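What follows is a single structure, written as structure tokens, with notes after it.
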Amino acid sequence: MNNSVGNAARLLGAGLRALLALTVVCGVLYPLAVTGIAQAAFSHQANGSEVRDGTGTVVGSSLIGQDYGDDLRWFQPRPAAGLGQNTINTQYALLVSGASNKAADSPDLVKAVREARDKVVADNTVPGFAPRPSQVPADAVTSSGSGLDPAISPAYAALQAPRVAARNHLALSRVEELVAAHTEGRTLGFMGEPRVNVLELNIALKSLAG
């Protein structure tokens, strides 16, 4: 009887010691080590890839697109079709990321693309420049898989340049230089496509336009 109680006590003590040790290692030391390494080696990414304006104020993340509404002074991002309003946590106006998941031959998708194309043409028609429907790139009328793509193609940025220049009373050449300066090439030279981060481009545009 005494042996059974003693064995049980020893096993319980060993279990508690193991629990305490694993809690300290896995619940305290490991998270602190990973956080410390992330802050030391990848502080920008670890803190959300924050983007700051000329005053040092955080205005967004380079990984998440922003909606500029119908303010045509700014370069516009890709459509955000597929995003839904958050209905669970109503304390904050959060959005649910996602694609529309519609087939390529979906009548609703075809209609939405045509309407988006017509709007792009109308919005970007300014004195001296009227884009043709065939000039509208695919990323101007379709959303990304997440619906939060922060970048657009150089072709879409170039299409918007005349309108942005006219709305901000800037020379078109200055705006085109701005687009070229913010165009990123393929990752490692072969992955993905050239792209322009809309938020970073608009921050530079704001500085240029004063």
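In table form, for the structure just shown:
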read-out	value
Number of the condition not met by Ser143 [criteria: (1) within 30 Å of Gly98 (Cβ to Cβ); (2) over 15 Å from the mean Cα position of the chain (by Cα)]	(2)
Single unsatisfied condition, Gly65 versus (1) in a helix (DSSP H, G or I); (2) in the same structural domain as Ala165 (by TED's automatic domain parsing)	(1)
The stretch 99-145: number of residues that are of a type outside the set (D, E, K, R) and more than 14 Å from Arg78 (Cβ to Cβ)	20
Residue among Leu170, Leu148, Leu159 that is out of contact with any Lys or Arg (no Cβ under 8 Å at 6 or more places or on another chain), in a loop (DSSP other than H, G, I, E, B) and free of Cβ contacts under 8 Å to residues at least 40 places away in the same chain	Leu170
Flag if Arg78 is modelled with pLDDT of 85 or more, within 17 Å of the chain's Cα centre (by Cα) and either in a loop (DSSP other than H, G, I, E, B) or of a type outside the set (S, T, N, Q) (or both)	yes
Inter-residue pairs, beta-carbon under 9 Å, first assigned by TED's automatic domain parsing to the domain that holds Thr35 and in the stretch 1-25, second at pLDDT below 90 and not in a helix (DSSP H, G or I), 6+ apart	none
Qualifying positions in the stretch 1-42 - of a type in the set (Ser, Thr, Tyr) and either surrounded by 10 or more Cβ atoms within 10 Å (Cβ to Cβ) or in contact with a Leu (Cβ under 9 Å, 6 or more places away or on another chain) (or both)	Thr23, Tyr30, Thr35
Residue under evaluation Gly189, criteria (1) free of Cβ contacts under 8 Å to residues at least 60 places away in the same chain; (2) in a helix (DSSP H, G or I); (3) within 23 Å of the chain's Cα centre (by Cα), criterion not met	(2)
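The values are calculated or read from the model by the stated rules, or taken from the named source; none is laboratory data. Note that this is a predicted model, so its numbers are computed, not measured. Using ideal geometry, Cβ is built from the backbone for each residue, glycine included, and neighbour counts are taken over all protein chains shown.
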